[in-house]
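Take a look at the structure below.
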Amino acid sequence: MKTIYCISGLGADERAFSKLKIDGYSLRVIPWLMPEPGEAIQQYATRMRAAIDDPEPILMGLSFGGMMCAEIAKQIPVQKLILISSVKSSKELPGWMKIVAMLRLHKIVPLKSSRLTEPIQNRMLGAHSDEERLIASEYRKKVNIDYTNWAVNEAVNWKNDWQHPATVHIHGDQDHMFPIKNIKPTFTIKNGGHFMIMNKAADISRCINSILQQH
């Protein structure tokens, strides 16, 4: 069985991909690493790609994981790059992220979650059901704050205008994190929010299967 190498969203784990059904493929999730002091996203991507065994892999990235997959795809030959609820270039980053980066707000405002911020975060994620809110809450509780600080800084300051020619971008039309108005996806998921990999998994699986069956 062929392998798709997956990188989850910021601080998430293999559960993010657990509801996808991809015919003829197994999903191998590359776990996030602790960043080294002063490490740029390019160097971090080099360490992440050490977990990839295939000479020309298929990469699938969710949210910030999509940015990381794009950085890996600059370094090694990639058969296909599948982005879910992510961005292809820094041009697709939302205005609020650019303001955060410009004003360095992420360096000033505490990034650790609280009971006050969780409802706002859940809305941004599109986590509506009890299961989704529970998973999101567990992610927030277990994620390392040093990793979070690093990842948020790299995300809001991402500088990339390169796009792999075999990129497939699946995006929800109700994504509050990365609004679709800034994005030109390959597939648009109706009523899909940023957390649609959990609640629109069947739709996303159909999109991925349709692309992979062409080869």
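Evaluated against (1) open to solvent by 70 Å² or more (accessible area, probe 1.4 Å); (2) outside any loop (DSSP other than H, G, I, E, B); (3) of a type outside the set (S, T, Y), P77 falls short on exactly one condition, (2).
Against the criterion of being assigned to a helix (DSSP H, G or I), hydrophobic (A, V, I, L, M, F, W, C), open to solvent by less than 20 Å² (accessible area, probe 1.4 Å) and at pLDDT 75 or above, M60 does not qualify.
Across segment 72-128, the qualifying residues are those that are at pLDDT 60 or above and basic (K, R), and the one among them that is farthest from A155 (Cα to Cα) is K80.
Just wondering, is there one or more residues in segment 78-87 that are under 18 Å from F187 (Cβ atoms) and of a type in the set (G, A, S)? First the steps, then the outcome.
Taking segment 78-87 and keeping what is under 18 Å from F187 (Cβ atoms), we get 80-87.
Then drop every residue that is not of a type in the set (G, A, S), which leaves 85-86.
Yes: one or more hits.
For beta carbons closer than 6 Å, sequence separation of 6+ or different chains, a first residue in segment 36-62 that is more than 12 Å from I4 (Cα to Cα) and a second that is small (G, A, S) and in a helix (DSSP H, G or I), the qualifying pairs are L62/A16. Taken over segment 26-43, the criterion of being part of a helix (DSSP H, G or I), surrounded by fewer than 20 Cβ atoms within 10 Å (Cβ to Cβ) and touching a helix residue (DSSP H, G or I) at 6+ places or on another chain (Cβ under 8 Å) is satisfied by Q42 alone. Within segment 161-183, the set of residues being out of contact with any Leu (no Cβ under 8 Å at 6 or more places or on another chain) and either more than 15 Å from S63 (Cα to Cα) or part of a helix (DSSP H, G or I) (or both) comprises D161, W162, Q163, P165, I180, K181.
The values are calculated or read from the model by the stated rules, or taken from the named source; none is laboratory data. These figures come from a predicted structure and were not determined experimentally. Virtual Cβ from ideal backbone geometry, glycine too; neighbours counted across all protein chains shown. Note: areas computed on protein heavy atoms with side chains; ligands, DNA, RNA excluded. Shrake-Rupley method; radii C 1.70, N 1.55, O 1.52, S 1.80 Å.
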